[in-house]
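The values are calculated or read from the model by the stated rules, or taken from the named source; none is laboratory data. Since the model is a prediction, treat every value here as computed from it, not as a measurement. Here Cβ is always computed from backbone atoms with ideal geometry, including for glycine, and neighbour counts include all displayed protein chains. Just the protein is used for accessible areas: all its heavy atoms, side chains included, with ligands, DNA and RNA removed. Shrake-Rupley method; radii C 1.70, N 1.55, O 1.52, S 1.80 Å.
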Amino acid sequence: MTSKRVGLESSLGIAQAVKLANVDVIAAYPITPQTHIVEGLAEMVANGELDAEYIPVESEHSAMSACLGASAVGARTFTATAGQGLILMHEVVTVASALRLPVVMAIANRALSGQLSIWGDHSDVMMARDAGWIHIFVENGQQAFDQTLCAFRIAEHKDVMLPVAVDVDGFHATHVIESFYLLDQKTVNEFLPPYVHPTPLDPDNPVTMGCFAMPNYYFETRKALDMALRNSKKVILETWEKFGALTGRHYLPVEKYKTENCDTLLVTMGSFSENAMMAVDRMQESGKKVGLVRLRLWRPFPTEELVAALSGAKNVIVLDRAISLGGPGPVCSEIKAALYPLEKKPHVVGIIGGLGGRDISPENFIALVELGLEKIKTGHTGEIIMFGVRE
Amino acid sequence: MKNDIIEIRWHGRGGQGAVTSAELTALAAIHEGKYAQAFPSFGPERRGAPVLAFNRIRTDRAVRERSGIIKPDIVVVIDPGLVSLINVTDGLKPGGTLIVNSARSVEDLQQDFSGDWKLAVVDAASIAKKLLGVNIVNTTMLGALIKATEVIDCDSLREPLEERFGARAKSNFEACKQAAENTVISEITPSGDKRPRSFAVEKLPKWNELPVGCVVTDVGNTKAFCTGNWKSQHPEWLDSKCIKCGICSIFCPEGCIKQQKDGFFRADLFYCKGCGICARECWTQAIKMVEEA
Ligand code: SF4
Ligand code: SF4
């Protein structure tokens, strides 16, 4: 059962979860702000605390390649990366999902270079959006620990067999020392059944993985992958339900915070949600009907749950911590698409903020909501609106 | 041209130059002031494997279609062996033209097809061997196309041939002209007493019939893959010259040459691709490559 509360850096909390999951193989290349996770794991392997193969590879591309091979023989596999590391890995990221290999990866969300930034935003994840992985966003260290454990159970479930990314905001989540409730090994063992690949790579029973697909096959392979990803929501919900029953910590694809009777709903994803909650508290105290909707499950995209959460509102203000250069904010455009079929749609305004590690404090969130409402009032919702940039 | 648009489908094998035939046809048509397009079947090109190439030609405006041709006006078969392997007349429009490179007689070939089509036959292989010194008939078959249809003019080929073949353009042009002279044109009747033909139809799975990760679990399933379909020549052994050294079987890239009980070697023609490596490697020249019928 749940142990007593301990203090830990979130990155090391993730490492603890990976250890409790009793992984077989870790292949990773260090990159800020992910480094502490794999450093922690390397240490555990080195000192005999964790009986796993740690492969120190020469790049993220090799890290994911090694993970694919390990997962394909039936080994429980973990890696972590961030920013440019995820981009360098990208060629093999799509292979993990296409081969349906349940690799678990922590992404310490980081901004993308040219102007080198090691700090957090969601641009790296957005570039991996269409790669066929399950993406779960977390807001703090405890959630990162919990979701890393859930990720293995979801990924390896026989009806899922898909890679899962746990998206943890760089620095704002990864580098914070906070308090955790860890789980004991027995509880984790019960929660997490062993990983069994139905047709693993095995010299005695050879198989072919990643075969060639002509135009008369490829489309079907994509539909099969897409359906697997969409259908994974069932197992995700079951897993979170079981985890909630076990720990009292409950997770949903879309989580609401004080949304009853609200005209205006703010939508956030990731570690800034807790600041947004504080802003909501203050705004409600001063009589404003502003609530918060947090998007936890990014892929498969929880259209139904989002529509249910947002359709009653008059105004929806979406914060994107990523910029789709030359296009609309990625989260906002998907929310708009989800709401479009409604007869009575809320006004939706997208705001880009928090790029490259720039803070959005609770006070800032109040100003952000005011900016959003102003844009709605004056009919400027179609604009690309940025919050906190020097103009 | 009576139709607005003329669509041609070329049937050949990887390495035989069907794509070149289509390209030269398009270039010749464009040279004549027409609008034309040539494209391959965008597949993995394997020497010997059946391949397709396509042309669209029209006089009034640019060609906009950008998809495979399934109802051609003209079908050109560059490799004679394909007639028994592939339904080359699939989708051929009534009134369309089938042009075949074959040493067989027109009467004999007529028995293979049933439809309201014109049949043009030429023994392009003999012409190419005589005039070009090789059995590559892609340019020679252009002559048959010119004779059987009016899609392009012989003279419009001169420039594209020169650009493509340089010093060898002249002999290619001669082969083309010779083929035009030798092409025999007749009609096919839609019915009558025909030779029955049947073709393998690949059964393709639905998306939900694919295994997880599309893993292939039936080990050695390439055994069922008849690479023998790819050959236009096959090896024949002259046992009196053979010293039973086994070199041919070692060099065969398909691993399909086996020693028999009597110690001599033979190829399994189900797999033999007709590459000719065995004949080339044999010390004593006991192997001869022979054209497929
Ligand atoms: S031609 Fe000879 S070497 Fe080539 S595949 Fe056939 S048997 Fe083998
Ligand atoms: S290489 Fe020639 S001589 Fe040797 S076994 Fe083969 S056919 Fe006979």
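Here are some notes:
- Members of region B:267-290 found to be of a type outside the set (Gly, Ala, Ser) and near ligand 1 (Cβ under 9 Å from one of its atoms), listed by number: B:Asp268, B:Leu269, B:Tyr271, B:Cys272, B:Lys273, B:Cys275, B:Ile277, B:Cys278, B:Arg280, B:Glu281, B:Ile287, B:Met289
- In region B:145-174, the residues that are surrounded by 15 or more Cβ atoms within 10 Å (Cβ to Cβ) and of a type in the set (Gly, Ala, Ser): B:Ala148, B:Ser156, B:Ala169, B:Ser171
- Unmet criterion (only one of (1) outside any helix (DSSP H, G or I); (2) closer than 22 Å to B:Gly81 by Cβ; (3) modelled with pLDDT of 95 or more; (4) more than 8 Å from ligand 1 (Cβ to nearest atom)) for B:Ala293: (3)
- For region A:129-153, the set of residues classified as surrounded by fewer than 23 Cβ atoms within 10 Å (Cβ to Cβ) and out of contact with any Phe, Trp or Tyr (no Cβ under 9 Å at 6 or more places or on another chain) consists of A:Asp130, A:Ala131, A:Gly132, A:Asn140, listed by residue number.
- Residue within region B:66-84 that is surrounded by 16 or more Cβ atoms within 10 Å (Cβ to Cβ), free of Cβ contacts under 8 Å to residues at least 60 places away in the same chain and in the same structural domain as B:Gly115 (by TED's automatic domain parsing) present: yes
- Options B:Arg104, B:Arg13; residue that is among the charged types (D, E, K, R) and part of a loop (DSSP other than H, G, I, E, B): B:Arg104
- Elements of type helices (runs of 4 or more DSSP H) in region B:127-235, at least 2 residues being more than 14 Å from chain A (Cβ to nearest Cβ), under 23 Å from the mean Cα position of the chain (by Cα) and among the hydroxyl-bearing types (Ser, Thr, Tyr): none
- Residue that is farthest from the other protein chains (Cβ to nearest Cβ), among those in region A:99-118 that are open to solvent by 10 Å² or more (accessible area, probe 1.4 Å) and polar (S, T, N, Q): A:Gln115
- Residue in region A:236-251 that is within 14 Å of chain B (Cβ to nearest Cβ), surrounded by fewer than 17 Cβ atoms within 10 Å (Cβ to Cβ) and not acidic (Asp, Glu) present: no
- Scanning region B:251-293 for residues that are among the charged types (D, E, K, R) and more than 14 Å from ligand 2 (Cβ to nearest atom) returns B:Glu254, B:Lys261, B:Asp268, B:Lys273, B:Glu291, B:Glu292.
- Of the residues making up region B:175-198, those that are at pLDDT 95 or above and either surrounded by fewer than 12 Cβ atoms within 10 Å (Cβ to Cβ) or of a type in the set (Asp, Glu) (or both) number 1.
- Close pairs from region B:106-125: first of a type in the set (S, T, N, Q), partner surrounded by fewer than 20 Cβ atoms within 10 Å (Cβ to Cβ), Cβ under 7 Å, at least 6 apart: B:Gln110/B:Ser186; B:Gln111/B:Lys194; B:Gln111/B:Arg195; B:Ser114/B:Pro190; B:Ser114/B:Ser191; B:Ser114/B:Lys194
- Region B:76-117, residues that are hydroxyl-bearing (Ser, Thr, Tyr) and within 17 Å of B:Ser232 (Cα to Cα): B:Ser84, B:Ser102
- Residue match in region B:241-250 (condition: within 16 Å of ligand 2 (Cβ to nearest atom), closer than 20 Å to B:Arg46 by Cβ and not hydrophobic (A, V, I, L, M, F, W, C)): no
Results for (1) over 30 Å from A:Tyr218 (Cα atoms); (2) surrounded by 11 or more Cβ atoms within 10 Å (Cβ to Cβ); (3) in contact (Cβ under 8 Å) with a residue 60 or more places away in the chain, shown as yes or no for each residue.
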| position | (1), (2), (3) |
| --- | --- |
| B:Leu204 | no, no, no |
| B:Pro211 | no, yes, no |
| B:Val215 | no, yes, no |
| B:Lys223 | no, no, no |
| B:Asn229 | no, yes, yes |
| B:Asp239 | yes, yes, no |
| B:Cys248 | yes, yes, no |
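- If you go through region B:40-64 and keep only what is more than 17 Å from B:Ile152 (Cβ to Cβ), more than 14 Å from chain A (Cβ to nearest Cβ) and either touching a strand residue (DSSP E or B) at 6+ places or on another chain (Cβ under 6 Å) or modelled with pLDDT of 95 or more (or both), you end up with B:Arg47, B:Gly48, B:Ala62.
- Taking the criterion of being in a helix (DSSP H, G or I) and more than 8 Å from ligand 1 (Cβ to nearest atom), the residues of region B:241-266 that qualify are B:Lys241, B:Ile247, B:Ser249, B:Ile250.
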